[in-house]
1. Under a 5 Å amide H to amide H cut-off, with H placed in plane at 1.01 Å, what residues pair with SER224 once short-range neighbours are removed?
2. For helix 292-316, what angle does its Cα long axis make with the longest principal axis of the chain, in degrees from 0 to 90 and rounded to 10?
3. Normalise the Debye intensity by I(0) for segment 239-361, one equal point scatterer per Cα, no solvent, then take log10 at q = 0.23 Å⁻¹ and round to two decimals.
4. Once every Cα of segment 57-197 carries one equal point scatterer and solvent is ignored, give the base-10 log of I(q)/I(0) from the Debye formula at q = 0.10, 0.15, 0.17, 0.22 Å⁻¹, two decimals.
5. Of all DSSP beta bridges located in the chain, what percent are antiparallel, nearest 5?
6. Which of CYS302, CYS217 has the fewest other C-beta atoms within 10 Å, and how do the rest follow up to the most?
7. Using DSSP to call loops (not H, G, I, E or B), can you name the GluC sites (Glu not before Pro) in segment 195-299 whose Cβ has at most 15 other Cβ atoms within 10 angstrom?
8. Within straight cross-link reach of LYS199, meaning Cα distance under 14 Å, which aspartates and glutamates are found once same-chain residues fewer than 8 apart are removed?
Amino acid sequence: MPPTCANSRFKVLPRPSILVMNAGSSSIKTALFDRALSEVLRLEATGIGTGGAVTIAGETQAVSLPDNATALNAIFDALAARGITVADLDATAHRVVHGGTDLTTAQRITPDVIDAVTRCVPLAPLHNPHHLAAIHAVTAIAPDLPQYASFDTAFHATIPPLAHRFALPDLPDLPGLRRYGFHGTSYAALVHALPDQSKTLPRRLLAMHLGNGVSLCAIHNGRSVATTMGYSPLGGLTMGTRAGEIDAGAVLRLVRERGLDAADDVLHRQSGLLGLSGLSSDMRTLEASATPEAHFAVDHFCYWIVRQAGSLIAAMGGIDAIAFTGGIGENSKHVRDSVTAQLRWLGAFPTYIVPAQEELHIAREAKTLLGLRAAQEDHNVA
Ligand code: ADP
C-alpha cells in the first residue's frame, strides 16, 4: 500500500520527482529527474507568442501557445499523456537568471522570494519576468506543489568588491549598478563534477562556459573570484549574437544615433559571431565555412577568450587547470586547441572537458532543500 504522509512519500516514491524549468521569452525548457537524480525525460514548449510547438523526448507537435500559462498547461498535458501527473512530482525547480545581492543560494519559492525576484526585474528585464510568469503558472496548475529556484548569479556572490564594483559614483536612484556574473549554475555544476576527472578540484581553475552565451570564471578553491560577464549577460566575450565587451562611449553613440531599441537589438541580436561573419551565430556553421569573414569571426572569438583569460588568471595569481563546458567548449576541438595554444606561454597545465549539467545541478539543489524540509518535518513530528 502506498504511504500517504508527506515525509515518507519523499523517502520511498521511485517515480519521477523534480521537474526543472528554464522559462524564457519564447520557450520553456523542462527536464524531469527521478529521485536518484537521473534524467527521465526532456520536454520543451517553443514558439510561445508566435505559434507554438511541444517537443517531448525529441518528438515535436504543433500546439497553439499564445502565452506562458498555455505553454505550461501544454507541458503538464504532455506529461499526463505519458502517465506522469502532478502527484508524481515532489517539486518544480526553476532556473532564475537574476537573484541580485539578496538571493545568493537556492531557495524554496515563497512570497518573499517572489518579491525579491520581482525586485531584480530591472536588472534582468529579458529574463526574470518570464521566470515569474512560469512560477505563477505552476502555482495556478498545482498550488500545493513546492517550487524552488536556483540563480545564475548566486555562484558569483563570492566575488570581492574590488572585482564587482564599477568605478561609478553612488547613484541612489539607480541601485544595483555593479557586476554580478552569470552562468553560475553551470560553474557550480562543473565544480561538483570535475573531481571525477581530476581527483581533486584544481586550486586555481579557469572555467570556460562556451555556448551561445559565453563567459569565463576564475574559480579559486572552488569559489568564483572573477568572471567576464558583468552587469548583464551582454558583457564580456564575443558570443553567438551578443557583442560582449564594448566601450561605453560606443554604446552611447549607438543609442544617440540609432535610438535605444535599435541599439539594444544591435548589441543583443546582431553582433557577436553573427555580426562578424555576416553568416551565422552557430560555431558549427562557421567552422564549416570557407569565407574569410567566418574565419575572422572564429579567430575573434578565440582571441578575446585568451585576452580575458589573462585578466582572470591574474585575479587568481596563476592557473592550475582549465575546464571547458557548453556546446562549443565540449565539442569544438578547433576552439579548444586555439585557446590552449595561445595560452601556452603560461607553461603546462591540464585541460578538462566537462559536460554542461545545469539542469542536474538545479535538480540537485532542489533535492537538497526538499531533503532538509523533510528532515525538518520529521523533527517536528518527532
Ligand atoms: P546555449 O548557450 O544556448 O545552451 P549550447 O551550449 O548548446 O548553447 O552551445 C551552442 C553552440 O555550440 C553553437 O554555436 C553550436 O554551433 C556549438 N556546437 C555544438 N556542437 C558543436 C560541434 N560539434 N562543433 C563546434 N561547435 C559546436
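Quick note: the coordinates plus some simple rules give every number you see, no bench work behind them. The structure displayed is predicted, hence computed values, not measured ones. We place every Cβ from the backbone using ideal geometry, glycine too, and count neighbours over all the protein chains shown.
1. Residues meeting the criterion, in which the H sits 1.01 Å from N, are THR158.
2. 80
3. Debye curve over Cα of segment 239-361, log10 I(q)/I(0) at q = 0.23 Å⁻¹: -1.29.
4. Rounded to two decimals, the profile gives -0.44, -0.88, -1.04, -1.35.
5. 65
6. Fewest-to-most ranking of CYS302, CYS217: CYS302, CYS217.
7. Of the GluC sites (Glu not before Pro), the ones in loops of segment 195-299 whose Cβ has at most 15 other Cβ atoms within 10 Å are GLU245.
8. Within the straight-line limit of under 14 Å, LYS199 reaches these aspartates and glutamates: ASP320.
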